Amino acid sequence: MITATRQVPHATPTKSADHTRIRLLIHGGAGAILREKLALDREQAHRRALTDSLHAGHTVLAAGGSSIDAVIAAIVTMEDSPLFNAGKGSVFNHEGRNEMDASIMDGDSRMAGAVAGVTTVRNPIRAAHAVMTQSKHVLLIGAGAERFATEQGLEISDPGYFYTQHRWKQLQQAIASEQIMLDHDADAESAASDNHEKHGTVGAVALDCFGNLAAGTSTGGLTNKRYGRIGDSPIIGAGTYADNRSVAVSATGVGEMFIRTAAAFHTAAQVRLLGTPIDQAAAHTLTEIAAIGGEGGLIVLDPQGRYAMRFSTGGMYRGTIGYDGIAWTGIFTDN
Ligand code: ASP
């Protein structure tokens, strides 16, 4: 078993607790989510699922728990929901398998962990956390990551557990539209434009009562992905980043562009090195992503509890909760 202790983190030794500063932000993916296209029952189901996730994380924070534990609680709730593209309900790759990626980062110590291409770990975010706390490494992939998760006593599920009919249908559509797209048929556009279903990655950023930040992201990736494709979600600095000296960030969108712009780190670096207000930093990152043809969204939180939820797509499933325990959710540009 890989249990060697990681390098000694530079954690701040003692900090006083202030329960009024707790804050949690979550996202459940960004895409062409338009009010007129989303059925009311689906909208309500998503809002309920987001609210459950917010309450799960809030319970941890309100009890004096760490931002890392709050991020895990919030993400596990969404991984267990079939509505999001993470854990159960993950999208299928070209071969009809669910290959999942996740990462987590602690803003105090800047320790991080991630897994990629796992097919049997029920909650990939827990595996990412185990990599952070129980190994010397940051990123484990595929069969090795699964062996590690098993050795750590994490719950392993039969691949059938992750199946949802809805995602299976999407794969068939994606395979079909890819062929159509090659033929430059106009029908391809309508099938491809249904991308609100393809970006359902989940993420959370949290600030605990000690003033520590954490960030995490979990995904099934992109429908119809091939050749062991890995996106930004398990890449520290691309899909996830946390540093108490700046911000915690979780991203969603077309992963390739988020990797190429080091999106999460890019956002944090603007805040830390230039003193850019967080909303502007997030907006600038999305501009950089747009400049290379990408789109998506970011949730950003700083140690003072200031936050931003920015997206360049039609909508983003998102929510936040603070000390008062009142969950706020948003989906569309006008909430
Ligand atoms: N960023 C994810 C990926 O590229 C997808 C998403 O956010 O929905 O794998």
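Bear in mind that the values in this text are calculations on the coordinates, not laboratory data. These numbers come from a predicted model, not from an experiment. All Cβ positions, even for glycine, are placed from backbone atoms using ideal geometry, and neighbour counts span all protein chains on display.
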Pairwise label distance in nanometres, Tyr323 with Gln44, each label 7 Å out on the Cα-Cβ vector: 3.4
Test item: Cα-centred dipole of segment 232-335, Lys/Arg +1 and Asp/Glu -1 on Cβ, debye: 160
Structure-based [θ]222 nm, the chain - -39500 (n - 2.57) summed over DSSP H runs of at least 4, per residue, nearest 500: -10000 deg cm²/dmol
Cβ crowding within 10 Å averaged over residues, with 246-253, 204-211, 164-171 ranked highest first: 246-253, 204-211, 164-171
Globularity index of segment 278-328, i.e. its alpha-carbon radius of gyration over 2.2 N^0.38 Å: 1.27
Two-site FRET efficiency, Glu36 against Gln280, from Cβ-Cβ distance with R₀ of 30 Å, rounded to 0.05: 0.50
Whole-number Å³ per residue for the convex hull built on Cα positions in segment 190-335: 111
Estimated D of the chain in µm² per second, where Rh is the Kirkwood radius over Cα pairs and Stokes-Einstein applies at 25 °C, 0.890 mPa s: 127
Euclidean distance of C-alpha centroids, segment 296-335 and segment 85-158, integer Å: 25
Ala17-Arg110 FRET efficiency (beta carbon distance; Förster radius 25 Å; 0.05 resolution): 0.70
Reachable lysines, given that their alpha-carbon falls under 19 Å from the alpha-carbon of Lys88 and they are not under 8 places away in the same chain: Lys169, Lys198, Lys225
Relative contact order %, the chain, counting alpha carbon pairs below 8 Å whose residues are six or more apart: 25
Net length gained if the chain between Thr164 and Ala63 were fully extended (0.36 nm per residue, minus Cα distance): 32.9 nm
Extension gain, Arg260 back to Gln172 (0.36 nm per residue minus Cα-Cα distance, nm): 28.8 nm
